[in-house]
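S.K.: Here you go, one structure.
Please treat every number below as a calculation from the coordinates, not as lab data. All values reported here derive from a predicted model rather than from experimental measurement. No Cβ is skipped: glycine too gets one built from the backbone with ideal geometry, and neighbour counts run over all protein chains shown.
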Amino acid sequence: MEFLSGEGSVYGYRKLTVLLRRRHELVINKKKVYRLCKHLEVLRPQRQLKLKHPRRFANNRVLTTSNEL
């Protein structure tokens, strides 16, 4: 686990799964790696997605309930 000990390590559980499969020839599932990372508190918080285009509503409509457009 020397690749996790560095301060600048930015491995997610998916990249970590590929790394474990290729370097150490382990047969391991990405879900298992996710659970192990969560148990070891190695996971970083997820990035918030930025909206590319703001949502725009029609000017002549008044929305009173959801799913009305």
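S.K.: Suppose R0 equals 35 Å. What FRET efficiency, 1/(1 + (r/R0)^6) with r the Cβ-Cβ distance, do Tyr34 and Ser66 give to the nearest 0.05?
M.R.: The value I calculate is 0.60.
S.K.: Another question about this same structure. Taking the mean number of other Cβ atoms within 10 Å as a proxy for protection, how do you rank 42-50, 27-35, 14-22 from highest to lowest?
M.R.: Top to bottom by mean Cβ count within 10 Å: 14-22, 27-35, 42-50.
S.K.: Using the number of other C-beta atoms within 10 angstrom as an exposure proxy, rank Arg23, Arg56 with the fewest first.
M.R.: Going from least to most buried by this count: Arg56, Arg23.
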